[in-house]
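Peer 1: I have a structure here, written as structure tokens, and I will follow up with some questions on it.
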Amino acid sequence: MKKISESINQPLKWEQPSALKMSYELHTGEETAGTLQFRSSLGSFATAESADGCWTFKRVGFWQTRVTIRECGAETEIATFKNNTWSSVTARAFGQPPTSGRPVSSSKTRQAKS
């Protein structure tokens with residue numbers, strides 16, 4: 001697997017090798033830069049891996065959801081992501097100030113993928 005940092009300024013594309021599995025691969029050209037696997041098809045727990053490392057993502061909450069990010073095997077959160085669909089997005093790496101922005105609509109996301 002290739003480091004994601006080695007893929008700067010190159011197109012990245014998520015692919016789902018099997019429609020029956022919640023498993024995705026991040027490709028840069030012919031090389032795989034990372035993977036994302038959900039533990040179950042209805043679950044909120046995922047593991048991401050690349051040559052840079054391994055992390056887990058877990059959605060927490062119901063009305064006010066956030067995503068916790070940890071290194072694989074660790075109990076300590078290294079970052080959180082909070083999406084308030086109608087007003088803002090906040091990402092926070094612990095020890096760093098929060099980063100905020102405006103949410104991206106799904107139509108803009110689809111256009112960016114083209």
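The values are calculated or read from the model by the stated rules, or taken from the named source; none is laboratory data. Here the structure is a predicted model, which is why all the values come from computation and not from measurement. Note that we place each Cβ from the backbone using ideal geometry, even for glycine, and neighbour counts take in every protein chain shown.
Peer 1: Looking at (1) assigned to a strand (DSSP E or B); (2) polar (S, T, N, Q); (3) farther than 23 Å from Asn83 by Cα, which is the one condition that is false for Thr35?
Peer 2: (3)
Peer 1: Quick one: count up the residues across segment 55-77 that are in contact (Cβ under 8 Å) with a residue 12 or more places away in the chain, acidic (Asp, Glu) and more than 19 Å from Thr35 (Cβ to Cβ).
Peer 2: Adding up the residues that qualify gives 1.
Peer 1: To continue, here is another question. So which of Ile8, Ile4, Ile78 is hydrophobic (A, V, I, L, M, F, W, C) and loosely packed, with under 13 Cβ neighbours inside 10 Å?
Peer 2: So the residue among Ile8, Ile4, Ile78 that is hydrophobic (A, V, I, L, M, F, W, C) and loosely packed, with under 13 Cβ neighbours inside 10 Å is Ile8.
Peer 1: For segment 55-114, which positions are assigned to a loop (DSSP other than H, G, I, E, B), of a type in the set (D, E, K, R) and at pLDDT 85 or above?
Peer 2: Once the filter is applied, which keeps residues that are assigned to a loop (DSSP other than H, G, I, E, B), of a type in the set (D, E, K, R) and at pLDDT 85 or above, segment 55-114 yields only Glu75.
Peer 1: Okay, moving on. I need the full set of residues from segment 38-54 which are of a type outside the set (A, V, I, L, M) and either touching a residue at least 24 places away in the same chain (Cβ under 8 Å) or over 25 Å from Asn84 (Cβ atoms) (or both), in order please.
Peer 2: Arg39, Ser40, Ser41, Thr47, Glu49, Ser50, Asp52, Gly53, Cys54
Peer 1: Just give me the residues in segment 36-58 being among the small types (Gly, Ala, Ser), buried (at least 16 other Cβ atoms within 10 Å of the Cβ) and either under 20 Å from Ser5 (Cβ atoms) or in contact with a helix residue (DSSP H, G or I) (Cβ under 6 Å, 6 or more places away or on another chain) (or both), in sequence order.
Peer 2: Result: Ala48, Ser50.
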